[in-house]
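Just below is one structure, and these are the notes that go with it.
The values are calculated or read from the model by the stated rules, or taken from the named source; none is laboratory data. Here the structure is a predicted model, which means the values were calculated and not measured. Reconstructed Cβ throughout: ideal geometry from the backbone, glycine too, with neighbour counts over all protein chains shown.
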Amino acid sequence: MTIPVMPDVRALHLLPHQGVGGVQRFVIEFVRHERMDGAQDEIILTERPLDVDSDFLAPATPVHFLGLKGEKFKARAKRLADLATSRSVRILQVYQAQDLALAVEASALTRGALKVVTLMFDGPGATSDFNGLFGKRRLRTVAQQVMSFYVASPALLAPWKAVGAKAEVRLAAVDIQRFHPEDVVSSWRSARLPDPDTLLVGSLMRAAPGKGQDVLIDAVEQRHKAGRPTALMLVGDGPRFDELRERAKGSESLFVRRRVNDGPGFFGRIDAFALHSETEQVPMALIEALACGRAATVADPGGVADLVGEDAALFTRPGDVSAVASALDKLADAEFRDALGEAARSRALERHNLGRLRGQLAPEYA
């Protein structure tokens, strides 16, 4: 019996898990495009294996679980280093703070044969691994050992530089050929929204505390009860999903779904997009919506306007229901909405084109 030889892999892309969040969708899209060009990039889940009921899946995207969950840090790093060596991997690419130390330790075990590259979607405070004085010192040491340190948003630049990283910005991006403007005729809409003038607002965000779904719900209900027909479609799995779905029962203005399989189609069915996270600094769903030419209102906890451009959306303070309702009043004007959507698409073409990002990162893989 001949045992097939495992093909060499150019890069391993580390993710703690593969849930329904924006960073997971981005990494899948990025790796899918790399493989279309012949690179054998793969995704490694560092914290838990795939859960077919809740994880975001994509065809032709190899995903593996590192294993050894609960084992000591050194053992897990050696497992990663051995895996990379066995596949002739040259790059470990990191997207979230909690995987950074693991990647750096694995690189050290290969005596630098593995190069660590980051495209961080969160800040150094996003993980408890570096709490306290000792933890902060360790983070500084780890950050300084990264060969090429990139962040996906300008808002993340200063926090990472403050801990010693030589950080540069490489803006988060989407496939602008897949995410493009389209108007989709929806039988769901005609069946559930009898008033054809209803403003249908869509929101794609993990159903978790701090994501601001309640603010959006209250703003939509405020408009709807005031005689300005409005409906909200919340999409996203997570710990609050059952609670939100229960709240939607019998409501004329709130609809809740666990996921959508066709992202561009979702954006094509709604009139406007909305997010209201208290903490989200790189909201990939917003970038996807803008690429689809959808006008949007979004809470800016700091840095979102810098990420996507101040003329690409309407921005509000986190927690401000009245401000969101006022923004929706503006988005109810079809002419204004279309103009804002066109500006959003232009910004996405200019700043958030996945092809452009891949070109910027290409020298790291040479």
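Restricted to helices (runs of 4 or more DSSP H) entirely inside segment 301-366, those with at least 1 residues that are of a type outside the set (A, V, I, L, M), over 22 Å from the mean Cα position of the chain (by Cα) and over 18 Å from ARG223 (Cβ atoms) are 334-351, 354-365. Considering PRO154, PRO159, PRO181, the condition of being under 27 Å from ARG356 (Cα atoms), modelled with pLDDT of 90 or more, in contact with a Lys or Arg (Cβ under 7 Å, 6 or more places away or on another chain) and of a type outside the set (A, V, I, L, M) is satisfied by PRO181 alone.
Checked against the criterion of being within 15 Å of the chain's Cα centre (by Cα) and of a type in the set (A, V, I, L, M), segment 214-230 has no qualifying residue.
The one condition from (1) farther than 28 Å from ARG317 by Cβ; (2) in contact with a strand residue (DSSP E or B) (Cβ under 7 Å, 6 or more places away or on another chain); (3) in contact (Cβ under 8 Å) with a residue 60 or more places away in the chain; (4) not in a loop (DSSP other than H, G, I, E, B) that LEU156 does not meet is (1). Within segment 267-288, the residues that satisfy the criterion of being more than 15 Å from the chain's Cα centre (by Cα) and either assigned to a helix (DSSP H, G or I) or of a type in the set (Lys, Arg) (or both) are PHE267, GLY268, ARG269.
If you scan segment 252-296, which residues turn out to be among the charged types (D, E, K, R), crowded, with 19+ Cβ neighbours inside 10 Å and touching a strand residue (DSSP E or B) at 6+ places or on another chain (Cβ under 6 Å)? Across segment 252-296, the qualifying residues are ASP271, GLU288, ARG294. Against the conditions (1) outside the structural domain of VAL201 (by TED's automatic domain parsing); (2) touching a Pro at 6+ places or on another chain (Cβ under 8 Å), ALA362 satisfies every one except (2). Could you go through segment 192-199 and let me know if any residue there is under 22 Å from the mean Cα position of the chain (by Cα) and not β-branched (Val, Ile, Thr). There is no residue in segment 192-199 that is under 22 Å from the mean Cα position of the chain (by Cα) and not β-branched (Val, Ile, Thr). Residue pairs whose Cβ atoms lie under 6 Å apart, separated by 6 or more positions or on different chains, with the first residue in segment 276-305 and on the phi > 0 side of the Ramachandran plot and the second part of a strand (DSSP E or B) and of a type outside the set (S, T, N, Q), do not occur.
Just one of (1) in a helix (DSSP H, G or I); (2) out of contact with any helix residue (DSSP H, G or I) (no Cβ under 9 Å at 6 or more places or on another chain); (3) of a type in the set (Gly, Ala, Ser) fails for GLY227. It is (1).
Residues in segment 165-196 that are without any contact (Cβ under 8 Å) to a residue 60 or more places away in the chain and buried (at least 19 other Cβ atoms within 10 Å of the Cβ): ALA165, ALA167, LEU193. Within the bounds of segment 215-234, is there any residue that is modelled with pLDDT under 90 and closer than 27 Å to ASP175 by Cβ? Checked against the condition, which is being modelled with pLDDT under 90 and closer than 27 Å to ASP175 by Cβ, segment 215-234 yields no hits at all.
Of VAL201, VAL220, all but one fail to be in a helix (DSSP H, G or I) and under 18 Å from ALA296 (Cα atoms); the exception is VAL220. Of all residues in segment 82-94, which are closer than 14 Å to LEU45 by Cα and surrounded by fewer than 23 Cβ atoms within 10 Å (Cβ to Cβ)? The answer is LEU83, and nothing else. Taking segment 30-44 as the range and being crowded, with 21+ Cβ neighbours inside 10 Å and over 19 Å from LEU80 (Cα atoms) as the test, only PHE30 passes.
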